[in-house]
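Working notes for the structure below.
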Amino acid sequence: MKTAFCVLVLLAATAPPLLSSQTAVPPRKAPVTHHRAALSPTAVHRSALVIDTHADTPQRMLDDHYDLAEPLNGGYLNFASAREGNLGAEFFSIWVDPTLYKGQYARRTLELIDAVDQQAAAHPDRMMMATTPEDILRAHREHKLAALMGVEGGHSIENSLGLLRDYYRLGVRYMTLTWANSNDWADSSGDSDDPTVHHTADGLTDFGKDVVYEMNRLGMMVDISHVSDKTFYRTVITSRAPVFASHSAARALTSAPRNMTDDMLRAVARSGGPNSHGGVVMVNFYSSFVSESWRAAWNAQASERQAAENAQIAAWKAEGRTITYQMTNALDRQWAAKIPRPPLSDLIDHIDHIAKVAGIDHVGLGSDFDGIPSTPEGLDSAADLPKITAALMARGYSAEDCRRILGENFLRYFREVQATAGQLQAEPDQRPAIAAQQPFRK
Ligand SMILES: [Zn+2]
């Protein structure tokens, strides 16, 4: 049994009465008390090391030459908003659109990595590349944004463990096994129902298991956001380090196939074996993942939206324009704007649900900033992150609980993955590769 369970019980035992009963009590003069004054939500947020594990800003940096020192210009993340939201560390997503960059996955991956590096090089006083938990702490002490990287989608390694190791050497510290597309060795939740896509027999091929083990050995975090349920469970029993979800929400509350069932939430918390403290689920802010009614409205306009967007893209191509992610995302945002945004409380419901089901030690923030067309009301950029802390405290979460959710849980997880890598590297006989040859067959 995980310690998280005990913490959860404690949390429940110390939770204050419901807010509604508190508000019914007329306001009083400040009582004489011997207790230390409670910290305000603002002070608690300021005291936390805030870590977000998913932002798609590198697409903007590379394609639009966006500089984090500029105003947001429709984006969610820049230096000013990060500072206002007390964001200490961001994992920049190295995501290669599998359709737009077919045949050039490694090239595009390398260019995105370079785009993040160039930002850090241009702003050494405000941002530093980080590859370890210690780097994150150092950046925090120096009041700089710690920039980390995660590759989103195993297609980026082009079926090569060598490329996987190259990305690690360049600073990549997690890989999402799939994006919305299945690859040759792991299945995605995004095309599970597509009969034209070939899927693996068991969720991971033998080579897929080799990939997971090599990630364990390197100290690259295994990210199960986006994968199919079958691939999820196969990965959990294959990985020697705990796994995590860099940007996912709870399926019990919102029925997105890419959200995680309660059983999966518990499996992440228990992943990594009996001596592990377990993984962590970083909650995605996308309206379609946190609000069932918003999702229904979005799905209801799907055929009309897709037809209109395809027509626009065809028109752009006819003009000879190169299609980028920002262009298609802008179209999505126009359609998303037709639907009223869900309340912030919907997102808080997901954090609260995961904290209760997986445990308070197993939840964090994975915004998906700059990768999604809609967020809940009030969450317009990284500057609004303190609102999450205030909402959690209003529900009875202590300052300590908030600090765990905001970053400490993830930091603990990151440390354990690195420690596991150290153990695996010290093992005298390395695990032999399962896949005998590359390229391999399914
Ligand atoms: Zn994603």
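The values are calculated or read from the model by the stated rules, or taken from the named source; none is laboratory data. Since the structure is predicted, the reported quantities are computational estimates derived from the model, not experimental observations. Because the Cβ atoms are built from the backbone with ideal geometry, glycine has one as well, and the counts that use them run over all protein chains shown. Please note that ligands, DNA and RNA were not included when accessible areas were found on the heavy atoms of the full protein model with its side chains. Shrake-Rupley method; radii C 1.70, N 1.55, O 1.52, S 1.80 Å.
Quick look at the values:
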read-out: Tabulated pairs, segment 255-270, first over 22 Å from ASP191 (Cα atoms), second of a type in the set (Asp, Glu), C-beta under 8 angstrom, 6+ apart or interchain; value: ALA269/ASP361
read-out: Tabulated pairs, segment 39-58, first in a helix (DSSP H, G or I), second open to solvent by less than 20 Å² (accessible area, probe 1.4 Å), C-beta under 6 angstrom, 6+ apart or interchain; value: PRO41/THR389; VAL44/THR389; VAL44/CYS402; HIS45/THR389; PRO58/PHE92; PRO58/LEU112; PRO58/ALA115; PRO58/VAL116
read-out: Test set (1) open to solvent by 20 Å² or more (accessible area, probe 1.4 Å); (2) touching a Phe, Trp or Tyr at 6+ places or on another chain (Cβ under 7 Å); (3) not acidic (Asp, Glu) - SER367 fails condition number; value: (1)
read-out: From GLY272, GLY320, residue being touching a Gly at 6+ places or on another chain (Cβ under 7 Å) and open to solvent by 20 Å² or more (accessible area, probe 1.4 Å); value: GLY272
read-out: Cβ-Cβ under 7 Å pairs, at least 6 apart or on other chains, segment 211-231 side touching a residue at least 24 places away in the same chain (Cβ under 8 Å) and open to solvent by 10 Å² or more (accessible area, probe 1.4 Å), far side of a type in the set (Phe, Trp, Tyr) and assigned to a loop (DSSP other than H, G, I, E, B); value: HIS226/TRP179
read-out: Sole residue being in contact with a Ser or Thr (Cβ under 7 Å, 6 or more places away or on another chain), closer than 24 Å to ASP263 by Cβ and in contact (Cβ under 8 Å) with a residue 24 or more places away in the chain, chosen from GLY366, GLY359; value: GLY366
read-out: Output for segment 78-136, where each listed residue is in a loop (DSSP other than H, G, I, E, B), of a type outside the set (A, V, I, L, M, F, W, C) and surrounded by fewer than 16 Cβ atoms within 10 Å (Cβ to Cβ); value: THR99, LYS102, GLY103, GLN104, PRO124, ASP125, THR132
read-out: Test set (1) within 27 Å of ARG404 (Cβ to Cβ); (2) away from the ligand (no atom under 16 Å from the Cβ) - LEU68 fails condition number; value: (1)
read-out: Residue list for segment 148-207, filter: on the phi > 0 side of the Ramachandran plot and crowded, with 23+ Cβ neighbours inside 10 Å; value: GLY153, GLY203
read-out: Criterion: in a loop (DSSP other than H, G, I, E, B) and under 27 Å from ALA267 (Cβ atoms) - qualifying residue of ILE388, ILE372, ILE351, ILE405; value: ILE372
